[in-house]
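The values are calculated or read from the model by the stated rules, or taken from the named source; none is laboratory data. Keep in mind that this is a model prediction, so the values were computed, not measured. Because the Cβ atoms are built from the backbone with ideal geometry, glycine has one as well, and the counts that use them run over all protein chains shown. Quick note on the areas: whole protein, heavy atoms, side chains included, nothing else; ligands and nucleic acids left out. Shrake-Rupley method; radii C 1.70, N 1.55, O 1.52, S 1.80 Å.
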Amino acid sequence: MATALLAAAPSSAEAGDGELKVGYYDNKCSGVEDIVRSHVIKAIIQDRGIGGSLIRLIFHDCFVRGCDGSVLLNASDENPRPETAAPVSIGLEGFDILEEIKADLERRCPGVVSCADILIFAARDASSILSNGRVRFDVPAGRLDGVVSSAYEAQAELPDPTFTIRQLIDNFARKNFTVEELVVLSGAHSVGDGHCSSFTARLAAPPDQITPSYRNLLNYRCSRGGGADPAVVNNARDEDLATVARFMPAFVGKLRPVSALDNTYYRNNLDKVVNFNSDWQLLTQDEARGHVREYADNAALWDHDFAASLLKLSKLPMPVGSKGEIRNKCGAINHSKS
């Protein structure tokens, strides 16, 4: 059984105090990454959809205040509107898995492993599992957990699914991501799902923006929510046979029994079989469209570039001067006893 090998980190510190390092926990809490991976494997076996949720969390966390686990903070009396309260955060899941991992690690190594690092490890592992090992990279660790989480900041920093290509390019450029990396990271939409409220305009979009038969399928799915806001799989490949046979019989041969993180997103995009306006918008700009075609034709290249882009994403820092800590639980900041 893994045990704590060194004293716990200080209860709070300033962001930037230490450099991220591969193997950061080797001499602090042995087996951390193996423990995280075992929990992620178990969760995905029980519900494969949770893998896409964990991948989505790394993006939502790191694009807002850097990779500091701030997306994991629950609403509280002191902060009633954390990042998860932002409209752009609708449908975020996977928090319970990360809390389970944190609790396991706290029993073994109290006060050592940050929730921010756990989130990155879990997203990396989910990417690897859903891609059958094709997406893989080493994760440098040593992050602190942030103490600030704001719905306003999340809404301002994260790209909205209604964005135009110009808005998307500008949004990613603010984080020092290129057009190519925008296209690469959009490929995460090969898994997971989205709520109908996130693509309402697509339900009436013209044929040059969405294949009419797929638009009809989305309208059918969204009309069955009983007044709620149902979620629809991002990838038509993951739809059920009966629904696809009814609306898109020519697509039946593309269905797969198991969801996978792969380059099918790009082939679907070229066929205008994607949910979000931000997906289709990639076809409206020459460079972005060229990369969509490139990745549609080269699955191995996308696997490699997606891993590299996730690694770059995982290194986005907290704002200079931010205070950080190692939380006791991922959903709440630590409170001083004084």
Using the Cα centre as the reference, give the magnitude of the dipole from point charges on the C-beta atoms of the chain (Lys, Arg: +1; Asp, Glu: -1; all else neutral), rounded to the nearest 20 debye.
520 debye
Calculate one ³J(HN,Hα) per residue across the range 46-60 by plugging θ = phi - 60° into the Karplus curve 6.51 cos²θ - 1.76 cosθ + 1.60, and present them in order as whole Hz with x for glycine and proline.
6, 8, 4, x, 5, x, x, 5, 5, 5, 5, 4, 5, 5, 5
If you stretched the chain out fully between Lys315 and Asn74, how much longer would it get, using 0.36 nm times the residue separation minus the C-alpha to C-alpha distance?
84.4 nm
Can you show me the helix-derived [θ] at 222 nm for the chain, built from DSSP H runs with n ≥ 4 at -39,500 (n - 2.57) apiece and divided by the number of residues, rounded to the nearest 500.
-12500 deg cm²/dmol
Extreme residue, positive dipole direction of the chain, given options Gly227, Phe251, Ile326 (C-beta unit charges):
Phe251
Roughly how many percent of the accessible protein surface of the chain is carbon and sulfur, given a 1.4 Å probe and a whole-percent answer?
53 percent
In the range 149-262, if the dipole is taken from +1 on Lys/Arg beta carbons and -1 on Asp/Glu beta carbons about the Cα centre, which of Leu217, Ala173, Ala154 is farthest to the positive end?
Leu217
I need to check one value: relative contact order of the range 22-135, counting alpha carbon pairs closer than 8 Å and at least 6 residues apart, in percent.
38 percent
Not counting ligands, DNA or RNA, and with a 1.4 Å probe, what is Glu287's accessible surface area in Å² rounded to the nearest 10?
90 Å²
Say each of Val252 and Ala201 gets a label point 7 Å from the Cα, pointing the same way as Cα to Cβ; how far apart are those two points in nm?
3.5 nm
For the range 165-311, with only Lys/Arg (+1) and Asp/Glu (-1) charged at the beta-carbon, what is the dipole magnitude about the Cα centre, in debye rounded to 20?
520 debye
Hey, how many Å between the Cα centroid of the range 162-222 and the Cα centroid of the range 13-87?
25 Å
Arrange the residues Arg289, Arg267 by how much accessible surface each exposes, largest first, with a 1.4 angstrom probe.
Arg267, Arg289
Between their Cα atoms, which of Lys175/Lys315; Lys21/Lys312; Lys175/Lys329; Lys42/Lys102; Lys42/Lys312; Lys254/Lys312 are more than 20 Å away from each other?
Lys175/Lys329; Lys42/Lys312; Lys254/Lys312
Heavy-atom accessible area per residue, the chain, 1.4 Å probe: how many Å²?
44 Å²
So how strong a dipole does the range 12-97 carry about its Cα centre when Lys and Arg Cβ are +1 and Asp and Glu Cβ are -1, to the nearest 20 debye?
340 debye
Relative contact order %, the chain, counting alpha carbon pairs below 8 Å whose residues are six or more apart:
28 percent
Here, Lys175 and Ala332, labelled 7 Å along Cα→Cβ, have an inter-label distance in nm of 2.9 nm
